[in-house]
Amino acid sequence: MPAIALVAFDLDDTLYPERAFVRSGFRVVSDYLQQEGVVDRPLLADFEAAFDAGERRNVFDRVLRAAGIEPDAALVRSLVEAYRSHRSRHGFVRPGIRLFDDADRALGRLAGQGIRLGLVSDGPLAAQEVKVEALGLAARMDAVILTDTWGPAFWKPHPRAFVEVARRLAVEPRACFYVADNPEKDFDGPAAAGWRPSVWVRRGESTYRDAAPPEKRLLSATVASLDDLDGVLKGMQT
């Protein structure tokens, strides 16, 4: 079995708290609605309350209707775009996000050991690109694969991204493993690409903390912090 040469990471709730981007995007949308004169008060708290209540697909429609405004399709499209890109005709707002402290430390340690680093992330391309830029990840990763570049059909669990990152860095698949937070979709793709079993980062605040564990064949370890990757890596190298 070859020694580990590449560690690839998921993005949302693995390297940074996704809720921070959600709140940042809601703030952009709330400000935009006031700038456009659609509303006369901030709606940030309303968006967050709807999100916390479990609303995911129709937050903007629901909150605007509650505020007495019937949204049309064009307005909703502009709000979705502003949320994802943090950009409107009023300018760009840098997302209010930062790496988890343990993620920052782990990336530094792994790079210092000469291990190649990769990023494989799903989600609408505009949002994922702005996250990568705000977190400074292009400079810290040897390969960044945003699967929406190819379209949603190639989002995880499709293995294409994992095949591509190993090919791009000329690393044998069995010398690679993936670190991610969602057992419902994150671990089948790397396995299908011939990678070693993945590592599930199961943070206390993670959306998928209480998800059903994946099949044993898909998982090398479960960690609560990326500070624990050193022990996992040591075990894989022996």
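Here is how the numbers come out for the structure above:
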quantity	calculated
Prolate/oblate/rounded call for segment 101-238, Cα gyration tensor, a/c under 1.5 rounded	rounded
Virtual paramagnetic centre 7 Å along Cα→Cβ of Leu169, amide N under 15 Å, in segment 6-22	6-11
Charged-residue dipole, Cβ positions (Lys, Arg, Asp, Glu), segment 19-92 about Cα centre, Debye nearest 20	320 debye
Residue of Asp104, Asp210, Asp188 that the Gaussian network model of the chain assigns the largest fluctuation, springs spanning Cα pairs under 10 Å	Asp210
Theoretical gain in end-to-end length, Ala53 to Leu219 [0.36 nm per residue, Cα-Cα removed]	56.6 nm
Hz values of 3J(HN,Hα) by residue in segment 56-61 - Karplus curve (6.51, -1.76, 1.60), Gly and Pro given as x	10, 9, 10, 4, 5, 4
Degrees between helix 18-35 axis and first principal axis of the chain (Cα, 0 to 90, nearest 10)	20 degrees
Inter-probe distance in nm under a simple model that places probes 7 Å from Cα toward Cβ, at Gln34 and Ala211	3.6 nm
For the chain, the spread of Cα positions along each principal axis, largest first, Å	63, 33, 33
For segment 19-92: rounded, prolate or oblate by the Cα gyration tensor [a/c cutoff 1.5]	rounded
Whether segment 44-180 is rounded, prolate or oblate, judged on the alpha carbon gyration tensor where a/c under 1.5 counts as rounded	prolate
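Where a number appears in this text, it was derived from the coordinates with a stated rule and is not lab data. A quick note: this is a predicted structure, and the numbers were derived from the prediction, not measured. Positions of Cβ are generated from backbone atoms using ideal geometry, with glycine treated the same way; all protein chains shown enter the neighbour counts.
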